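The values are calculated or read from the model by the stated rules, or taken from the named source; none is laboratory data. All values reported here derive from a predicted model rather than from experimental measurement. Note: ideal-geometry Cβ built from the backbone for every residue, glycine included; neighbour counts use all protein chains shown. Surface accessibility is based on the protein's heavy atoms, side chains included, excluding ligands, DNA and RNA. Shrake-Rupley method; radii C 1.70, N 1.55, O 1.52, S 1.80 Å.
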Amino acid sequence: MAIEINGNRAVSNTYFLDAADGIKISQKTIRSPYVVNVIGDPATLETALKIPGGIVETIQTADGVVVVNKSTNI
């Protein structure tokens with residue numbers, strides 16, 4: 001699996017922090033909207049995102065919107 005957030009690749013030692021104007025990904029501040037691109041099995045990834053108490057529920061509770069697009073192009 002590979003993960004990229006607003007053009008920043010996430011690796012095993014990547015960390016996330018709250019920032020006044022967005023979030024910090026390993027010292028780099030990014031701002032909304034957040035676009036996450038992931039390479040992996042679409043069915044598995046979508047199931048993981050939608051587990052109760054998971055990322056989709058957390059974002060929606062904070063009045064955010066989650067859109068999941070499945071693509072065959074990388």
* **Selection status of Lys28, free of Cβ contacts under 8 Å to residues at least 40 places away in the same chain, in contact with a helix residue (DSSP H, G or I) (Cβ under 6 Å, 6 or more places away or on another chain), charged (D, E, K, R) and open to solvent by 60 Å² or more (accessible area, probe 1.4 Å)** => no
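Residue-wise test of (1) among the hydroxyl-bearing types (Ser, Thr, Tyr); (2) at pLDDT below 90; (3) touching a Pro at 6+ places or on another chain (Cβ under 9 Å).
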| site | (1), (2), (3) |
| --- | --- |
| Asn8 | no, no, no |
| Ile25 | no, no, no |
| Ser32 | yes, no, no |
| Ile39 | no, no, no |
| Gly54 | no, no, no |
| Ile59 | no, no, no |
| Gly64 | no, no, no |
| Ile74 | no, yes, no |
* In the range 38-61, the residues that are open to solvent by 80 Å² or more (accessible area, probe 1.4 Å) and either more than 20 Å from Asn6 (Cα to Cα) or touching a residue at least 12 places away in the same chain (Cβ under 8 Å) (or both) -> Ile39, Asp41, Thr44, Thr47, Lys50, Ile51, Pro52, Glu57, Thr61
